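Notes to accompany the following structure.
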Amino acid sequence: MSTNGNVLEATGVTKRFGGLVAVNDVDFEVPHKSIVAIIGPNGAGKTTFFNCMTGLYKPTTGKVMFDGADITAKAPHIVTQAGIARTFQNIKLFRTMTVLENVMVGHHCRMRARITGSVIRTPFVRREERQTEEHSRELLNLVGIPRRHQDLAASLPYGDQRRLEIARALGSDPKLLLLDEPTAGMNPQESEELRTLMDKLRTERDISLLLIEHDMKVVMNVSDHITVLDGGEKIAAGSPQEVRENPRVIEAYLGSQA
């Protein structure tokens, strides 16, 4: 963790696609053990900014620091090993694998078995697989999927697929979890359950969370800090109350929801 208490710091991050500036000179931080939200209208650059944080995109300019180390433009697997996990706006599960297998895949970057040991099935490999399976079941229970572990991921209801993707991300034992529209497609009860889960991850597991979310009730109730993007630029940042009352935010995004 950096000396000023932030687990993630982005400085001057810009991402251009040819002549299009998707993210423009954004400074951003996530304090340790906090829940931070990024909001803004469609096309504001939120997911592009997420992708710059997680190695899917290389920032055109700017720097990304995580846990005191420079991860700017590092490959996604390096970012995951460093301690950042994420979900996606469009659910990306291994649909023909079981629910349990999907979560076990999330542990891969923390497993120590090598190819030779896996082929000959050494005691160490068998023990590690048992431990991984046990931990995966614990994570499924944590996110609210206590059954159907042997069902195919594609057979789960939409809300459970969202939960499964979170469980798989938690399998990598992250210090920072990025959630891209986690309540999309959920009913109010499911959204409230997810809000409770996010708070539990922060308080009980010391995980910092960064989310993109359009459900303003979830954002305002769970976030410690909110950053607002519009047209690729940061137009506001502050507490939920400060953001709710900001005229630029009301004009750009909240509208009647304010």
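The values are calculated or read from the model by the stated rules, or taken from the named source; none is laboratory data. Keep in mind that what you see is a predicted model, and the values were worked out from it rather than measured. Using ideal geometry, Cβ is built from the backbone for each residue, glycine included, and neighbour counts are taken over all protein chains shown.
Restricting Gly68, Gly19, Gly45 to residues that are at pLDDT below 95 and touching a Lys or Arg at 6+ places or on another chain (Cβ under 8 Å) narrows the list to Gly45.
Within the stretch 1-23, the set of residues being among the β-branched types (Val, Ile, Thr) and either in a loop (DSSP other than H, G, I, E, B) or touching a residue at least 60 places away in the same chain (Cβ under 8 Å) (or both) comprises Thr3, Val7, Val21, Val23.
Here Ile71, Ile78, Ile35 are screened, and the one residue that is of a type in the set (A, V, I, L, M) and within 15 Å of the chain's Cα centre (by Cα) is Ile35. Being in contact (Cβ under 8 Å) with a residue 12 or more places away in the chain and either surrounded by fewer than 15 Cβ atoms within 10 Å (Cβ to Cβ) or touching a helix residue (DSSP H, G or I) at 6+ places or on another chain (Cβ under 6 Å) (or both): is that true of Gly45 here? No; evaluated as a whole, the condition is false for this residue.
Comparison of Leu140, Leu152, Leu164 shows that the only residue that is more than 20 Å from the chain's Cα centre (by Cα), at negative phi, of a type in the set (A, V, I, L, M) and not assigned by TED's automatic domain parsing to the domain that holds Asp27 is Leu152.
Each row is one residue, and each column tells you yes or no for (1) at pLDDT 95 or above; (2) under 21 Å from the mean Cα position of the chain (by Cα); (3) at negative phi.
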site: Gly171; (1), (2), (3): no, yes, yes
site: Arg202; (1), (2), (3): no, yes, yes
site: Val222; (1), (2), (3): no, yes, yes
site: Gly232; (1), (2), (3): no, yes, no
site: Ile235; (1), (2), (3): no, no, yes
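Just so you know, in the stretch 24-42 the residues that are touching a residue at least 40 places away in the same chain (Cβ under 8 Å) and part of a loop (DSSP other than H, G, I, E, B) include one that is surrounded by the most Cβ atoms within 10 Å (Cβ to Cβ), and it is Gly40.
When the stretch 218-228 is filtered for residues that are within 14 Å of Glu29 (Cα to Cα) and among the hydrophobic types (A, V, I, L, M, F, W, C), the ones remaining, listed by number, are Ile226, Val228. Among the residues making up the stretch 182-199, those that are out of contact with any Ser or Thr (no Cβ under 8 Å at 6 or more places or on another chain) and part of a loop (DSSP other than H, G, I, E, B) are Ala184, Gly185, Met186, Asn187. For the stretch 53-63, check the following and say yes or no: at least one residue is on the phi > 0 side of the Ramachandran plot and assigned to a loop (DSSP other than H, G, I, E, B). Looking for residues that are on the phi > 0 side of the Ramachandran plot and assigned to a loop (DSSP other than H, G, I, E, B), one finds at least one in the stretch 53-63, hence yes.
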